[in-house]
Amino acid sequence: MYSQPISLSLKCLLNPYAILHEIGHALGLVHEHTRMDRDKFIEIDHNQLDNLGKYNFLIRNNSVYKNYSTSYDYASIMHYSPYDFGSFWKKLFRYPVMKSKLYEQYTWMMGQTEKMTFNDYKKINLCHCKINNNTTKCKNNGYPDFKNCSKCICPSGYTGDNCKKIISSDPKCGNTIFKANKTNVPLIYVGKINCYIFLKAKKNKKILLTVYYINAPPYKNGICVESNAFQIKYRRDKGTTGLLLCGHDSRVLKIISESRSILVFYKGIDGHSMLAFQFKEVN
């Protein structure tokens with residue numbers, strides 16, 4: 001049995017994020033921003049990078065470093081922050097080394113320091129644990145619980161033995177399951193409640209979700225973290241961290257689902273919390 005030593009400086013030894021990040025490397029994870037498909041998701045200012053920075057942004061060969069059918073996750077513990085390896089002056093004037101090609105909000109999800117994401121853990125489990133072909137078929141991109149193969153480990157927002165169910169909302173949320181059609185349906189959530197709103201279109205259709213107003217929990221040290229944000233899971237891979245929304249914003253945000261469903265997390269922290277959006281079915 002081979003071992004993988006982890007070397008930490010005194011500075012890193014006192015940083016739980018750095019320890020978790022390096023444990024991820026020891027268990028086989030690579031930097032998320034070095035995936036072979038990264039150029040679909042991020043734009044990199046290579047002119048800011050020195051030689052060490054360029055090395056840390058090299059794309060890794062997918063035949064060696066496997067993604068296990070997980071999609072790009074901006075909130076991965078293995079993703080650098082927007083300003084890592086950039087110059088002091090560029091950072092001072094808010095010129096990031098990396099930014100999202102999809103939505104601006106994804107840029108401020110990079111550089112998480114709280115925890116590994118669902119897909120971080122999923123890749124580690126699928127890499128090191130033997131899969132029994134007779135295990136439960138997990139839905140919504142869950143994966144087998146190797147301590148109990150009759151059950152699945154589910155992404156945030158989903159629950160049940162095979163991840164088919166949506167996590168229960170507070171009773172004050174009212175109805176939280178909606179079928180999309182060609183008519184826009186407006187929804188507003190206000191106050192200190194937790195709601196999981198599931199939107200579903202007909203087969204082979206998608207959903208256009210338009211956000212008009214958010215008053216969400218604040219950023220933490222400039223980063224929007226999953227434990228303290230509204231979240232919109234619109235991507236096909238339900239295990240990938242959804243688009244996180246923090247702070248106050250009245251700019252219109254239009255999102256088209258990659259599949260036929262969207263799951264919206266509203267986590268109100270006080271009476272001023274608010275989320276206003278509408279949705280409809282599109283081709």
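The values are calculated or read from the model by the stated rules, or taken from the named source; none is laboratory data. These figures come from a predicted structure and were not determined experimentally. Quick reminder, even Gly has a Cβ in these numbers, built from the backbone with ideal geometry, and neighbours come from all protein chains shown.
Miscellaneous remarks
- Hits in segment 208-224 - residues which are surrounded by 20 or more Cβ atoms within 10 Å (Cβ to Cβ) and closer than 18 Å to Ile193 by Cα: Ile214, Ala216, Pro217
- Some residue of segment 188-198 being at pLDDT 95 or above and either of a type in the set (Ser, Thr, Tyr) or in contact with a Pro (Cβ under 6 Å, 6 or more places away or on another chain) (or both): yes
- Selection status of Lys254, in a loop (DSSP other than H, G, I, E, B) and not polar (S, T, N, Q): no
- Here Tyr189 fulfils each of the conditions (1) of a type in the set (Ser, Thr, Tyr); (2) within 28 Å of His21 (Cβ to Cβ); (3) in contact with a Leu (Cβ under 9 Å, 6 or more places away or on another chain) apart from (2).
- So Thr183, is it β-branched (Val, Ile, Thr), crowded, with 16+ Cβ neighbours inside 10 Å and either touching a residue at least 12 places away in the same chain (Cβ under 8 Å) or over 27 Å from Cys138 (Cα atoms) (or both): no
- Scan of segment 199-227 for residues that are among the small types (Gly, Ala, Ser), under 19 Å from Leu275 (Cβ atoms) and modelled with pLDDT of 95 or more, ordered by number: Ala216
- In summary, Thr34 fulfils each of the numbered conditions (1) touching a Gly at 6+ places or on another chain (Cβ under 8 Å); (2) under 24 Å from Leu126 (Cβ atoms) with the single exception of condition (1).
- Only one of the numbered conditions (1) out of contact with any helix residue (DSSP H, G or I) (no Cβ under 7 Å at 6 or more places or on another chain); (2) in contact (Cβ under 8 Å) with a residue 60 or more places away in the chain; (3) within 17 Å of Tyr106 (Cβ to Cβ); (4) polar (S, T, N, Q) is violated by Thr241, and that is (1).
- Failed item in (1) buried (at least 19 other Cβ atoms within 10 Å of the Cβ); (2) over 22 Å from Ser259 (Cα atoms); (3) in contact with a Ser or Thr (Cβ under 7 Å, 6 or more places away or on another chain), with Gly191 passing the rest: (1)
- Within segment 15-53, considering residues that are more than 20 Å from the chain's Cα centre (by Cα), surrounded by 12 or more Cβ atoms within 10 Å (Cβ to Cβ) and closer than 19 Å to Met98 by Cβ, the one modelled with the highest pLDDT: Asp45
- Matching option when the condition is out of contact with any Phe, Trp or Tyr (no Cβ under 6 Å at 6 or more places or on another chain), in contact (Cβ under 8 Å) with a residue 24 or more places away in the chain and over 24 Å from Leu253 (Cα atoms), among Leu58, Leu49, Leu92, Leu102: Leu58
- The requirement of being touching a residue at least 40 places away in the same chain (Cβ under 8 Å) and touching a Cys at 6+ places or on another chain (Cβ under 9 Å) is fulfilled somewhere in segment 205-215, by at least one residue.
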